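Let me begin by presenting the structure, written as structure tokens, before commenting on it.
The values are calculated or read from the model by the stated rules, or taken from the named source; none is laboratory data. Since this is a predicted model, take the numbers as computed values, not measurements. No Cβ is skipped: glycine too gets one built from the backbone with ideal geometry, and neighbour counts run over all protein chains shown. Calculation scope for accessible area: heavy atoms of the full protein, side chains included, ligands and nucleic acids excluded. Shrake-Rupley method; radii C 1.70, N 1.55, O 1.52, S 1.80 Å.
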Amino acid sequence: MSIGEVLLERHKITGEQLSAALAARKHKHDRIERILIEMGHVKEIDVLEIIGEQLSMPVVDLASIEIDEALLKEIPSKVVHKCRLVPIDRRNGTIRVATASPYDVYAIDELAMLTGCKIESVLALESDIQRIIKQHYGVGGKTVEDMIDASDVEVVSDFEDTEQDLIEEAQEATVVKLVNEILVEAIRDRASDVHIEPFEHELRIRYRVDGVLQPTSIPPQIRRFQNAIISRIKILSNLNIAEKRLPQDGGFKIRAHNREIDLRVSIIPSAFGECVVMRILDKQAVSLSLPALGMKDETYERFQRLITIPHGIILVTGPTGSGKTTTLYAALNSIRSDAIKVLTVEDPIEYYLDGINQVQVKPRIGLTFASALRSFLRHDPDVILVGEIRDFDTAEVAVNAALTGHLVFSTLHTNDAASATTRLLDMGVEPFLVSSAIEGILAQRLVRKICPDCKEEYAPEPEKLPADFSIEGVTTLYRGTGCRDCRHTGYRGRLGIFELIVLTDELRQMILKRSSATELCNAARSHGLTLLRDDGWANVRAGLTTVEEILRVSKVAAVGG
């Protein structure tokens, strides 16, 4: 019985899914189980278990096995990369190797001839094998080896390359492949940013996953190809590859995992070369719906009422990377319709939204937030999104737009909701204008969620918990122990914690009197405001995140009772 038939018999797939895979097989000429995995119809482990039964081969979990490091170093890395085999251990002259392709007998024979040992094969997930290879040889390890072996590849040197040298170097097939591998690995790890940082004796690559930078393993020899890698990224981003003294910004688009992904590139000069940060904008990986952001029911209902009012300003506040833009996009997504016209001015445009007119600011030619906003008012919009209120001019035009019958969304960099009004007053906006125009302020942060695959209960020690955290009858909390699905961090994915102030007559009067943020916050709390930190603690008690995460992104509010 074929693997497809076994999967069908065990109700792992449907007849329609098998038929679709068989049809795709005519064009791809691949094994049916691989096509089913690629199409997302079946998990790799389900297929592996069936193969193990048919071939009488054990299936092992590489994440829980200790790999013999000495043995791994004995096997030439080219063989490991080429055969996609991971030597696990050696006992009595027999080497046990993990493979995801048991039908590749030539690879087993090659390893047996090379080592002079008997080879015993066990099955493991291909993703686990790739992780082990990456862990020990680094991202793009094989490609770097090929580049070192290739005589026609120019390596980094201390003298200045000409522009033609840089172009030829960056266009080498191996360099192109290496940059692709770095990007694909980042997307596979759900990274939001790729940081390429040159130091005196090494080139470091780090991925920001769920808001936290994590180093990735790379071959030490990659330092020699620093200029080639950066030149390749510059060519893709349509930047000047010969300019190494000034910062440059650009971007490009790639297709990976059957979807288009935008990359925003920023390059700055540093002591030992140019630093690169690539922001990965994967629309399919971002949820643009309000319920998915993590708002509690009460906050969601109040915010939903706010974004459907006819006019006024709604502000979203928080530091860089706290998810403000995603929240605003989700808000626009929920209210857009053929009956309203929405205009946005952004720097930069992160995601393109259907049915919404989006404008990118260009300060060099005079297209600023303020000038774009003034032009917007002549385009008969119902809703306007301003990427950020940075100065008095933008604030003044936004306030005037709100007071003349438009709904305005924007962001501010403040630590909490109450500070947004004082920030506008500090910019020079009159108190009566702030009081009249603002309808609501949402402060937010992003915290990492506990990985569901390695989540465990534990009993906290009360004396070690923060003073403002009340367990409220909950005897156990949760944490992640770390597994392959979360890169052994214990976290996977993120959710928001929120603090929403809806302006009341009392708060408006306080703004007119230029009351402090602390006074405004105290007044809002008396009307039921849930602070960011308290919203975070509710998520901890619900088993969604950890105490450490709330402490990482928030501080105790300086307010009275």
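I'm trying to understand the selection: among the residues of segment 257-307, which are more than 23 Å from Y351 (Cβ to Cβ), open to solvent by less than 20 Å² (accessible area, probe 1.4 Å) and among the hydrophobic types (A, V, I, L, M, F, W, C)?
Those that are more than 23 Å from Y351 (Cβ to Cβ), open to solvent by less than 20 Å² (accessible area, probe 1.4 Å) and among the hydrophobic types (A, V, I, L, M, F, W, C): none in segment 257-307.
So how many residues does segment 65-79 have that are under 29 Å from T489 (Cβ atoms), open to solvent by 30 Å² or more (accessible area, probe 1.4 Å) and either assigned to a loop (DSSP other than H, G, I, E, B) or of a type in the set (K, R) (or both)?
4
Here is a list: R245, R190, R208. Which entry is more than 20 Å from the chain's Cα centre (by Cα), among the basic types (K, R) and open to solvent by 10 Å² or more (accessible area, probe 1.4 Å)?
Just a single option satisfies the conditions, and that option is R245.
Please pick out the residue among G490, G473 that is closer than 30 Å to K43 by Cα, modelled with pLDDT under 95 and not aromatic (F, W, Y).
Just one listed residue meets the conditions, G490.
Tally up the residues in segment 481-497 that are outside any loop (DSSP other than H, G, I, E, B) and in contact (Cβ under 8 Å) with a residue 60 or more places away in the chain, please.
The total comes to 8.
Output the number of the condition that R131 fails; it satisfies all remaining conditions of (1) charged (D, E, K, R); (2) without any contact (Cβ under 8 Å) to a residue 40 or more places away in the chain; (3) open to solvent by less than 80 Å² (accessible area, probe 1.4 Å); (4) over 23 Å from A24 (Cβ atoms).
The single condition R131 does not satisfy is (2).
Check every one of the helices (runs of 4 or more DSSP H) wholly within segment 1-47 and list those with 3 or more residues that are touching a residue at least 24 places away in the same chain (Cβ under 8 Å) and within 23 Å of V60 (Cα to Cα).
In segment 1-47, the matching helices (runs of 4 or more DSSP H) lie at 3-9, 32-38.
Only one of these conditions is not met by S334: (1) in a helix (DSSP H, G or I); (2) closer than 15 Å to S410 by Cβ; (3) among the polar types (S, T, N, Q). Which number is it?
Failing condition for S334: (2).
Among the candidates A398, A402, single out the residue that is in contact with a His (Cβ under 7 Å, 6 or more places away or on another chain) and part of a helix (DSSP H, G or I).
Exactly one of A398, A402 is in contact with a His (Cβ under 7 Å, 6 or more places away or on another chain) and part of a helix (DSSP H, G or I), namely A402.
In the list A256, A330, A285, A271, which residue meets the criterion of being modelled with pLDDT under 95 and farther than 27 Å from I187 by Cα?
Exactly one residue qualifies, and that residue is A271.
Could you check, for segment 366-375, whether at least one of its residues is surrounded by 12 or more Cβ atoms within 10 Å (Cβ to Cβ), assigned to a strand (DSSP E or B) and not polar (S, T, N, Q)?
Yes, segment 366-375 contains at least one residue that is surrounded by 12 or more Cβ atoms within 10 Å (Cβ to Cβ), assigned to a strand (DSSP E or B) and not polar (S, T, N, Q).
Which of the residues spanning segment 88-104 are touching an Asp or Glu at 6+ places or on another chain (Cβ under 7 Å), closer than 29 Å to K43 by Cβ and either not in a strand (DSSP E or B) or not β-branched (V, I, T) (or both)?
D89, R96, A100
Could you check segment 454-464 and list, in sequence order, the residues that are within 24 Å of V556 (Cα to Cα) and either within 31 Å of the chain's Cα centre (by Cα) or outside any helix (DSSP H, G or I) (or both)?
A459, P460, E461
For segment 52-64, check the following and say yes or no: at least one residue is open to solvent by less than 30 Å² (accessible area, probe 1.4 Å), of a type in the set (A, V, I, L, M, F, W, C) and modelled with pLDDT of 85 or more. Working first, answer last.
Start the filter on segment 52-64 by keeping residues that are open to solvent by less than 30 Å² (accessible area, probe 1.4 Å), which leaves 52, 60, 62.
Applying the additional criterion that residues be of a type in the set (A, V, I, L, M, F, W, C) yields 60, 62.
Now narrow it down to the ones that are modelled with pLDDT of 85 or more: 60.
Yes, some residue in segment 52-64 is open to solvent by less than 30 Å² (accessible area, probe 1.4 Å), of a type in the set (A, V, I, L, M, F, W, C) and modelled with pLDDT of 85 or more.
If I filter segment 544-556 for residues that are more than 30 Å from T216 (Cβ to Cβ) and either modelled with pLDDT of 95 or more or open to solvent by less than 70 Å² (accessible area, probe 1.4 Å) (or both), do I get at least one hit?
no
Please go through segment 50-61 and give me each residue that is assigned to a helix (DSSP H, G or I) and out of contact with any strand residue (DSSP E or B) (no Cβ under 6 Å at 6 or more places or on another chain), ordered by number.
If we filter segment 50-61 for residues that are assigned to a helix (DSSP H, G or I), which is where we start, we get 50-55.
Correct list: I50, I51, E53, Q54, L55.
Looking at segment 24-45, is at least one residue under 18 Å from V122 (Cα atoms) and among the hydrophobic types (A, V, I, L, M, F, W, C)?
Within segment 24-45, one or more residues are under 18 Å from V122 (Cα atoms) and among the hydrophobic types (A, V, I, L, M, F, W, C).
Checking M510 against (1) at pLDDT 95 or above; (2) not in a helix (DSSP H, G or I), which single condition isn't satisfied?
Condition (2) is where M510 drops out.
In segment 420-453, how many are in a helix (DSSP H, G or I), in contact with a strand residue (DSSP E or B) (Cβ under 7 Å, 6 or more places away or on another chain) and either in contact (Cβ under 8 Å) with a residue 12 or more places away in the chain or crowded, with 22+ Cβ neighbours inside 10 Å (or both)?
Qualifying residue count for the region: 3.
Any residue at all in segment 385-393 that is open to solvent by 60 Å² or more (accessible area, probe 1.4 Å), aromatic (F, W, Y) and either modelled with pLDDT of 90 or more or not in a loop (DSSP other than H, G, I, E, B) (or both)? Working first, answer last.
Initially, segment 385-393 is screened for residues open to solvent by 60 Å² or more (accessible area, probe 1.4 Å), giving 390-393.
The next check asks that each one be aromatic (F, W, Y); those that pass are 392.
Still in the list and also either modelled with pLDDT of 90 or more or not in a loop (DSSP other than H, G, I, E, B) (or both): 392.
Yes, segment 385-393 has at least one match.
Could you please give the count of residues in segment 268-312 that are touching a strand residue (DSSP E or B) at 6+ places or on another chain (Cβ under 6 Å), under 20 Å from R492 (Cβ atoms) and in a helix (DSSP H, G or I)?
Qualifying residue count for the region: 2.
For segment 11-51, how many residues are under 19 Å from M1 (Cβ atoms) and among the basic types (K, R)? Before you say what the answer is, go through the steps one by one.
Taking segment 11-51 as the starting set, the residues that turn out to be under 19 Å from M1 (Cβ atoms) are 11-15, 17-19, 21-22, 25, 31-37, 41-42, 46-51.
Pick out the ones that are also among the basic types (K, R) and you get 12, 25, 31, 34.
Matching residues across segment 11-51 total 4.
Here's the yes/no breakdown for (1) open to solvent by less than 10 Å² (accessible area, probe 1.4 Å); (2) more than 17 Å from the chain's Cα centre (by Cα):
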| position | (1), (2) |
| --- | --- |
| I309 | no, yes |
| I314 | yes, yes |
| P319 | no, no |
| T327 | yes, no |
| R336 | no, yes |
| A339 | no, yes |
| V345 | yes, yes |
| Y351 | no, no |
| D354 | no, yes |
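Name every residue in segment 211-234 that is within 24 Å of the chain's Cα centre (by Cα) and not in a loop (DSSP other than H, G, I, E, B), in order of residue number.
V212, L213, Q214, P215, I229, I230, R232, I233, K234
Can you find a residue that is in contact with a helix residue (DSSP H, G or I) (Cβ under 8 Å, 6 or more places away or on another chain), basic (K, R), open to solvent by 50 Å² or more (accessible area, probe 1.4 Å) and modelled with pLDDT of 90 or more anywhere in segment 493-507?
no
Would you mention how many residues in segment 80-99 are open to solvent by 20 Å² or more (accessible area, probe 1.4 Å) and either among the aliphatic types (A, V, I, L, M) or touching a residue at least 24 places away in the same chain (Cβ under 8 Å) (or both)? Spell out how you get there, then give the answer.
Taking segment 80-99 and keeping what is open to solvent by 20 Å² or more (accessible area, probe 1.4 Å), we get 82, 84, 89-94, 96.
After this cut, where a residue has to be either among the aliphatic types (A, V, I, L, M) or touching a residue at least 24 places away in the same chain (Cβ under 8 Å) (or both) as well, the list is 82, 84, 90, 93-94, 96.
Of the residues in segment 80-99, 6 are open to solvent by 20 Å² or more (accessible area, probe 1.4 Å) and either among the aliphatic types (A, V, I, L, M) or touching a residue at least 24 places away in the same chain (Cβ under 8 Å) (or both).
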